[in-house]
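> Have a look at the structure that comes next, please.
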Amino acid sequence: MIELKTAAELDAMRVAGRVVATALTRVRAAAGVGVTLLELDEVARDVLAEHKAGSSFLDYLPAFAPTPYPAVLCTSVNDAIVHGIPDRTRLRDGDLLSIDFGAHVGGWHGDAAMSFVVGTPDPADLRLIETAERALAAAIGVAVPGNRLGDIGNAIGTIARGAGYGIPPDFGGHGIGRSMHESPSVPNEARPGRGLRLRAGMVLAIEPMLHAGTDPFTTDDDGWTLRTTDGRRAAHVEHTVAITDDGPRILTTL
C-alpha cells in the first residue's frame, strides 16, 4: 500500500530532510586525506544528537542482509557501490567516496546520498559523479503527477547508458515516509510510460547508482557492501522527493 502524504506531513518530512542534508554537508567537510571512515560516522552521529533525531540506518535489517546494519552512515569507497560499512580505513588522496545517510524526526524519515573525490580528483571520477548527478536531476524533473515510475527509471537509464556506465541490477530507490523503505520500488532503468502512475502526495527516495564497468556486482563478506566485479569505480547520489501538484519538492536540502 502506498501512503499519500498531506501538506503538513510533507512539512514534517522536510524537518528530517534538513537533518540529513546537514549531516551529509558536515561529513563531506570532514572527509580529508587520513580521516577514517569511523570518524565520519561519528560526525553523522553528532548531527543526530544535536537535532534529537534518530538514525534510519542503525540496526536496520532488510531481507538481503545477514546482520543488522552497525552504523548511522554508509561509506562506500572507490569500487564499493553502496552500503559500505564505516571502519578504520583511512581515506587516501584521490579516493571516490559515496556517503548515504538517513534520519527520522517525529516519526518521519529522510534519506539522501552524495559522491565526491577526496583530495586530488581523477577527471574520470568527476565525469562519473557528474553523470550520476545529472541522472538524478533528470529523474526528479519527471517526478510529477500523471507520469509513471518507468519515466523515472528511463530518465536515469538513458543518461547512464548514454555515458557508457553500468547500473547494478535489482537495486534502486524506494518510497519513504513513516518507514525508511516503503512501496513502491523505484527503478534506475525502465521503459517510459510503464509502471505505477505518480500521484501528488507520494514521496520517493530516488537514487541513481552508476559505475564505470559492467553491470554485475559482488557482495562483501559483511553481507552489506556491494562492489563492482572489475574493480572500477562507482558513484551514488540520492534525494528524498515529494510529488506535488506544484512540481517535485526536494526534501533533503539545507
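> In the set Ile85, Ile99, which member is open to solvent by less than 10 Å² (accessible area, probe 1.4 Å) and at negative phi?
From the options Ile85, Ile99, the qualifying one is Ile99.
> Return the pair list, or none, for Cβ contacts closer than 7 Å from residues in the stretch 104-115 that are at positive phi to residues that are open to solvent by 20 Å² or more (accessible area, probe 1.4 Å), at least 6 apart or on different chains.
Gly106/Ala12; Gly106/Val15; Gly107/Arg178
> Within the stretch 183-205, track down each residue that is over 28 Å from Leu58 (Cα atoms), open to solvent by less than 60 Å² (accessible area, probe 1.4 Å) and touching a Gly at 6+ places or on another chain (Cβ under 8 Å).
Ala190, Gly193, Gly195, Leu198
> Only one residue in Ala8, Ala29 is assigned to a helix (DSSP H, G or I), open to solvent by 40 Å² or more (accessible area, probe 1.4 Å) and within 30 Å of Gly119 (Cα to Cα). Which one? Write out each step before concluding.
Working: Ala8 fails: within 30 Å of Gly119 (Cα to Cα).
Within the list Ala8, Ala29, the selection yields Ala29.
> Sort out which residues of the stretch 145-182 are farther than 26 Å from Leu126 by Cβ and open to solvent by 60 Å² or more (accessible area, probe 1.4 Å), and write them in order of number.
Arg148, Asp170, Arg178, His181
> Can you tell me which residues in the stretch 131-170 are in a loop (DSSP other than H, G, I, E, B) and more than 17 Å from the chain's Cα centre (by Cα)?
Result: Val142, Val144, Pro145, Gly146, Asn147, Ala163, Gly164, Tyr165.
> Specify which of the listed residues (Thr131, Thr120) is open to solvent by 20 Å² or more (accessible area, probe 1.4 Å), polar (S, T, N, Q) and at pLDDT 95 or above.
Thr120
> Here's something else I'd like to know. Name the residue, out of Ala16, Ala31, that is over 19 Å from Ala103 (Cα atoms), in contact with a Phe, Trp or Tyr (Cβ under 8 Å, 6 or more places away or on another chain) and at pLDDT 95 or above.
Selected residue: Ala31, the only one of Ala16, Ala31 that is over 19 Å from Ala103 (Cα atoms), in contact with a Phe, Trp or Tyr (Cβ under 8 Å, 6 or more places away or on another chain) and at pLDDT 95 or above.
> Sticking with this one: Looking only at the stretch 212-254, count how many residues are under 23 Å from Val142 (Cβ atoms), in a strand (DSSP E or B) and either open to solvent by 10 Å² or more (accessible area, probe 1.4 Å) or modelled with pLDDT under 95 (or both).
3
> Additional query: Tell me the residue from Ala71, Ala112 that is in contact with a His (Cβ under 6 Å, 6 or more places away or on another chain), open to solvent by less than 30 Å² (accessible area, probe 1.4 Å), outside any helix (DSSP H, G or I) and not β-branched (Val, Ile, Thr), please.
Exactly one residue qualifies, and that residue is Ala112.
> Follow-up. Any residue at all in the stretch 212-224 that is without any contact (Cβ under 8 Å) to a residue 60 or more places away in the chain and small (Gly, Ala, Ser)?
The answer is yes; a qualifying residue exists.
> While we're looking at this one, here's another question. Pairs, please: C-beta under 8 Å, at least 6 apart or cross-chain, first residue free of Cβ contacts under 8 Å to residues at least 60 places away in the same chain and closer than 22 Å to Asp245 by Cβ and in the stretch 1-25, second of a type outside the set (Ser, Thr, Tyr) and assigned to a helix (DSSP H, G or I)?
As it stands, the answer is none, since no pair meets every condition given.
> Tell me, yes or no, whether the stretch 34-56 has at least one residue that is in a loop (DSSP other than H, G, I, E, B), closer than 27 Å to Thr228 by Cβ and open to solvent by 70 Å² or more (accessible area, probe 1.4 Å).
In the first step, residues of the stretch 34-56 are kept if they are in a loop (DSSP other than H, G, I, E, B); the result is 34-35, 51-53, 56.
Still in the running and closer than 27 Å to Thr228 by Cβ: 34-35, 56.
Retained after the next criterion (residues that are open to solvent by 70 Å² or more (accessible area, probe 1.4 Å)): none.
Within the stretch 34-56 (the criterion being in a loop (DSSP other than H, G, I, E, B), closer than 27 Å to Thr228 by Cβ and open to solvent by 70 Å² or more (accessible area, probe 1.4 Å)), the answer is no, since none of the residues qualifies.
The values are calculated or read from the model by the stated rules, or taken from the named source; none is laboratory data. Bear in mind the structure is a predicted one, so any value in this text is a computation, not a measurement. In this analysis, Cβ positions are derived from the backbone assuming ideal geometry, glycine residues included, and neighbour counts consider all displayed protein chains. Just so you know, the surface numbers come from the protein's heavy atoms only, side chains and all, with ligands and any DNA or RNA stripped out. Shrake-Rupley method; radii C 1.70, N 1.55, O 1.52, S 1.80 Å.
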